[in-house]
1. Go through Pro204, Pro145 for me and flag whichever is within 21 Å of Gly12 (Cβ to Cβ) and either buried (at least 16 other Cβ atoms within 10 Å of the Cβ) or at pLDDT 95 or above (or both).
2. Among residues belonging to region 29-68 that are in a loop (DSSP other than H, G, I, E, B) and modelled with pLDDT of 95 or more, point out the one that is farthest from Thr227 (Cα to Cα).
3. Search region 237-256 for residues that are over 16 Å from Pro224 (Cα atoms) and pair each with any residue that is outside any loop (DSSP other than H, G, I, E, B) and not hydroxyl-bearing (Ser, Thr, Tyr) when their beta-carbon atoms are under 6 Å apart and the residues are at least 6 apart or on different chains.
4. Suppose we filter region 329-343 for residues that are without any contact (Cβ under 8 Å) to a residue 24 or more places away in the chain and not polar (S, T, N, Q); how many remain?
5. If I filter region 77-97 down to residues being part of a helix (DSSP H, G or I) and surrounded by fewer than 21 Cβ atoms within 10 Å (Cβ to Cβ), which single residue comes out as modelled with the lowest pLDDT?
6. Name the residue, out of Leu238, Leu249, Leu201, Leu222, that is of a type in the set (A, V, I, L, M, F, W, C), under 21 Å from Glu325 (Cβ atoms) and assigned by TED's automatic domain parsing to the domain that holds Asn327.
7. So is Lys254 basic (Lys, Arg) and surrounded by fewer than 14 Cβ atoms within 10 Å (Cβ to Cβ) or not?
8. Can you find a residue in region 281-300 that is buried (at least 20 other Cβ atoms within 10 Å of the Cβ), at pLDDT 60 or above and within 18 Å of Ala162 (Cα to Cα)?
Amino acid sequence: MIIALVAGEASGDQLGAALIRAIHSSHPDIRFAGIGGPLMKAAGMEIWWDSEQLSVMGLFEVVNHIPRLFALRRQLVARLLDLNPDVFIGIDAPDFNLGVEKKLKARSIPVIHYVSPTVWAWRAGRVKSIARSTDRVLCLFPFEPEYYRHHVPADYTGHPMADQIPLQVGPGSARQTLEIGDAEICVALLPGSRLSEVQKLSTPLLDAASILVERYPGIRFLMPAATEIIKTYFNTELTKYPAVNCRVLTGQSKAVMAASDVVICASGTATLEVMLVNRPMVVCYRLAGLTYTMAKWLKLVKSRFFSLPNILASEPLVPELLQHEVNGENIADEVSRWLDQPERCTDLHDRFEELHKQLKIDAAATAAKIILQHISAFDEPG
């Protein structure tokens with residue numbers, strides 16, 4: 001049996017690797033091939049192209065990459081048609097994967113889209129085009145299948161990250177590993193996993209850090225860079241803030257979160273990870289100016305919130321700063337509210353634990369079971 005997969009960026013690589021391991025646990029002879037990252041490769045996947053090639057963000061930022069992405073998709077589809085896999089699984093990256101899925105579905109290759117696009121928040125009309133492109137949608141969050149009920153089969157799988165992270169994550173071990181004293185105040189800076197995100201957020205985050213140094217003498221900062229390129233860029237920016245005591249690491253994001261009193265975080269999957277590690281956070285989201293203006297003008301954003309903890313809870317558990325609100329003073333003020341109000345942190349801890357339990361349903365095994373059943377049903381005559 002052959003399963004083809006395409007995953008975009010680091011979060012898709014994590015999901016894909018967990019899925020591969022779950023399927024291999026009961027079907028060790030299945031071959032996996034396609035586009036993925038280092039985790040999927042380590043799990044046993046044959047990598048044709050690296051998932052980093054799909055990491056493009058924003059409405060207008062993608063324009064310069066369109067010719068390259070179209071060429072890559074043509075090459076990929078041709079190779080997949082030649083491979084004729086038992087199923088194709090597009091993991092996230094909907095703008096790329098749904099086009100691939102539509103072409104494969106037209107050639108009678110079973111297709112599954114893993115990770116629902118955010119139809120509940122952004123471009124809700126996509127549900128119909130998703131239904132035309134794929135045979136089934138696997139959803140990470142419990143509220144998502146309802147959006148597909150009249151269009152295409154959709155299943156809630158839970159989130160693999162919720163299974164991987166314990167319900168209780170104490171700071172002691174992480175602080176010892178990262179050489180942070182028990183009594184020291186430590187704040188994590190997570191400006192994103194893409195260089196384009198880091199370029200937009202590094203200045204306001206470091207501005208906030210410089211303000212916090214004045215408010216809390218001796219405060220420490222940690223920044224887990226997703227790549228060496230990001231580490232180099234952030235270290236260069238850091239030289240402009242000599243008073244900020246910030247250690248820049250390669251990876252180790254979970255340890256950094258666990259060691260921190262508060263996390264300043266770019267919106268995205270990282271907010272879910274911070275929620276599961278159960279730390280207070282301040283969430284920042286900044287798009288290119290033209291992208292943001294068009295999104296507002298076209299009323300493309302439907303959700304009240306943009307951070308996953310708030311969306312899952314349907315209430316503002318953590319502060320969100322958007323676009324022009326993302327500046328050093330605002331970020332520092334929100335961090336101070338967490339540091340100065342321990343009872344607020346206790347209440348948040350309880351709510352985060354409740355949300356963690358909702359998502360902790362052995363997600364990779366659930367998704368693997370659905371996928372294998374789907375293949376069997378597709379292969380049945382009639």
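The values are calculated or read from the model by the stated rules, or taken from the named source; none is laboratory data. In this text the structure is predicted, and so the values were computed from the model without any measurement. Methodologically, a virtual Cβ is constructed for each residue, glycine included, from the backbone with ideal geometry; neighbour enumeration extends over all protein chains shown.
1. Being within 21 Å of Gly12 (Cβ to Cβ) and either buried (at least 16 other Cβ atoms within 10 Å of the Cβ) or at pLDDT 95 or above (or both) holds for just one of Pro204, Pro145, which is Pro145.
2. Going through the qualifying residues, I end up with Asp29.
3. Taking only residues 6 or more apart or on different chains, the pairs are Tyr241/Leu206; Ala243/Val213.
4. Counting residues in region 329-343 that are without any contact (Cβ under 8 Å) to a residue 24 or more places away in the chain and not polar (S, T, N, Q) gives 5.
5. Of everything passing the filter in region 77-97, Asp95 is modelled with the lowest pLDDT.
6. Checking each option against the conditions leaves just Leu201.
7. Criteria not met by Lys254.
8. Within region 281-300, one or more residues are buried (at least 20 other Cβ atoms within 10 Å of the Cβ), at pLDDT 60 or above and within 18 Å of Ala162 (Cα to Cα).
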